[in-house]
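Student: One structure follows; several queries about it will come next.
The values are calculated or read from the model by the stated rules, or taken from the named source; none is laboratory data. These numbers come from a predicted model, not from an experiment. Note that each Cβ is placed from the backbone with ideal geometry, even for glycine, and that neighbours are counted across all protein chains shown. Ligands, DNA and RNA are stripped out before the accessible areas are found, and what is left, the full protein with its side chains, is counted by its heavy atoms. Shrake-Rupley method; radii C 1.70, N 1.55, O 1.52, S 1.80 Å.
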Amino acid sequence: MSKKISLSGIQPSGKPHIGNYFAMMKQLVDQQEEYDVYALIVDYHAMKSVKNPKVMKENIINVVLDYLAIGLDPEKVTFFKQSDVSEHTELCWIFDTITTMPYLMRAHAFKDAQAKNKEIDVGTFNYPVLMAADILLYNPDIIPVGADQKQHVEIARDIAEKFNNNFGQTFKLPEAVIMKDVAVVPGTDGRKMSKSYNNTIPLFSEYEEIKKIVMSIVTDSKEGIPKNVYAIHNLLRPATELLPLYESKAGKYKELKELLIEDLEKFIAPLREKRKEFAKDIPKALAILKTGGKKAKKIASLKMNEVREKIGVNVYE
Ligand code: TYM
């Protein structure tokens, strides 16, 4: 029996942080034995924010190294970048023709941009439709993501249903898998960890960087327990262990921060070292990406052929 499929992706828009890791990257690593895993690098999505070609290239290579360093095995997992499989943008157009503007105007990312009076580009507006194509081309069963992507997976399901209703059963409806404890990983200021809030702990930080970040956490505390420090610490140790520790050291902020630094270093150091090893052979990492792209392209082109057949544009024998 063939394995179930798990698919997820990340934008090559800067350094990944521990929020990306716990919500999505770690899930892919844990699933690679049981599932057929697809790990995407969504470079066309990242074009929203990355407009410099040199930075884009570096960012793509960096995500490949990140994926390898966290333990994704290229023998088991298909790593690829969206731009290697033109079927994504092709299917996006077809989905555009069955998706209404009022429907997309309900998307959180669009509403947030609108609330901030931003000049919204069509790519930002259409972002969830390209993501639906990323997903639906591969018939995945599950999509491991953080809570902020829940709505996007729902949009993919809605689009799949609409297409199936119009043109006949073509796409499987995937389920978002959101791990409860890490659905929204908090940043150093207690808000959601996000590059745009400047509150991240980069996944491959050097020791000095970890120290600087942790020492700068604002110690907003309740009964001597600094909640932002605790929330991050809780990613690494269970509450049953952590609460008595924090209670016994209530008010000793410096000591608690030093403990967090130690635990973060224990967790990050091996990943950081592995990443340095992989970074010694960039051509090898790129060959892995290229091979993954070829494999994904084969699957996506078969699906696209089915789609073309269904919509009636396949007129040749
Ligand atoms: P991106 O690049 O913003 O983030 C990658 C993954 O990290 C999760 N994440 C978080 N989870 C918990 N707490 C946080 N603070 C936090 N910050 C980020 C995100 O939920 C995500 O799972 N649209 C996607 C990329 C994408 C995709 C796809 C994902 C494009 N096509 C197809 C799955 C399937 C995005 O921008 O993720």
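Student: Kindly write out, for segment 267-278 in residue order, the coupling ³J(HN,Hα) from the Karplus curve 6.51 cos²θ - 1.76 cosθ + 1.60 (θ = phi - 60°), rounded to whole Hz, with x marking Gly and Pro.
Tutor: Calculated HN-Hα couplings, in order: 6, 7, 3, x, 5, 4, 5, 4, 4, 4, 4, 4 Hz.
Student: Please compute, for the alpha-carbon atoms of segment 1-134, the extent along each of the three principal axes and give them in descending order in Å.
Tutor: Rounded to whole Å, the extents work out to 43, 37, 26 Å.
Student: Going 7 Å from the Cα of residue 179 along its beta-carbon direction, which residues of segment 132-160 have the amide nitrogen within less than 13 Å of the resulting point?
Tutor: Within reach of a label on residue 179: 144-147.
Student: Just name one of 231, 313, 86: the one whose Cα is farthest towards the positive end of the charge dipole of the chain (beta-carbon charges, Lys/Arg +1, Asp/Glu -1).
Tutor: Positive-most Cα among the choices belongs to 86.
Student: What does the net charge come to around residue 241 if you take all other residues with beta carbon closer than 15 Å to its beta carbon, with K and R at +1 and D and E at -1?
Tutor: Numbers: positive: 237, 249, 266; negative: 181, 247, 262, 263.
Charge balance near residue 241 sits at -1.
Student: Just to be sure I understand: of the beta bridges DSSP finds with both ends in the chain, what percent are antiparallel, rounded to 5?
Tutor: Numbers: 4 of 20 bridges.
Restricted to the chain, the bridges split so that about 20 percent are antiparallel.
Student: Related question: Please report the net charge: other residues with Cβ closer than 10 Å to the Cβ of residue 292, K and R +1, D and E -1.
Tutor: Numbers: positive: 81, 290, 294, 295, 297; negative: 84.
Residues near residue 292 contribute +4 overall.
Student: Would you list the P(r) distribution for the chain, with all Cα-Cα distances sorted into 20 Å bins from 0 and each bin expressed as a whole %?
Tutor: 30, 55, 15, 1
Student: Take the alpha carbon atoms of segment 162-179, find their center, do the same for segment 60-137, and report the distance between the two centers in whole angstrom.
Tutor: After rounding, the separation between the Cα centres reads 16 Å.
Student: By how many nm would the segment from residue 189 to residue 237 lengthen if fully extended, with 0.36 nm per residue of separation less the alpha-carbon distance? Each step should come with its number before you reach the end.
Tutor: Working: separation 48, 0.36 × 48 = 17.28 nm, distance 1.95 nm.
Using 0.36 nm per residue and subtracting the Cα-Cα distance, I get 15.3 nm.
Student: Further question on the same structure: Can you give me the distance in nm between label points at residue 208 and residue 76, each placed 7 Å from the Cα along the Cα-to-Cβ direction?
Tutor: For the pair residue 208/residue 76, the computed spacing is 3.7 nm.
Student: Here's a follow-up. Could you compute the longest span of the chain free of trypsin sites (Lys or Arg not before Pro) located in DSSP loops and having at most 12 other Cβ atoms within 10 Å, not counting the site residues?
Tutor: 192-279
Student: Residue 269 to residue 97: extension gain in nm, 0.36 nm per residue of separation minus the Cα-Cα distance? Intermediate values should be presented prior to the final figure.
Tutor: Values: separation 172, 0.36 × 172 = 61.92 nm, distance 4.80 nm.
Difference between extended and current length: 57.1 nm.
Student: Follow-up question, since we're still on this one. Please work out the average accessible area per residue across the chain, using the 1.4 Å probe convention, and give it in Å². The partial results should precede the final answer.
Tutor: On the way: 16350 Å² over 317 residues.
With the other protein chains kept in place, the chain gives 52 Å² per residue.
Student: Let me ask another. Counting other Cβ atoms within 10 Å, keep those with at most 13, restrict to DSSP loop, and tell me which GluC sites (Glu not before Pro) in segment 84-122 are left.
Tutor: Numbers: sites: 87, 90, 119; in loops: 119.
Qualifying residues, ordered by number: 119.
Student: Determine the share of segment 223-310's accessible area contributed by carbon and sulfur atoms, expressed in whole percent, with a 1.4 angstrom probe. Working shown, then result.
Tutor: Working: 2940 of 4940 Å².
Carbon with sulfur: 60 percent of the solvent-accessible area.
Student: Using +1 on the beta carbon of Lys and Arg, -1 on that of Asp and Glu, and nothing else charged, what's the dipole of the chain about the Cα centre, debye to 20? Intermediate values should be presented prior to the final figure.
Tutor: Numbers: 46 positive and 43 negative charges, 102 e Å.
With Lys and Arg at +1 and Asp and Glu at -1, about 480 debye.
Student: Would you please give the residues with an amide H less than 5 Å from that of residue 35, counting only those at least 5 places away or on a separate chain, with H modeled from the backbone geometry?
Tutor: Amide H to amide H, under 5 Å and 5 or more residues apart or across chains, residue 35 pairs with nothing.
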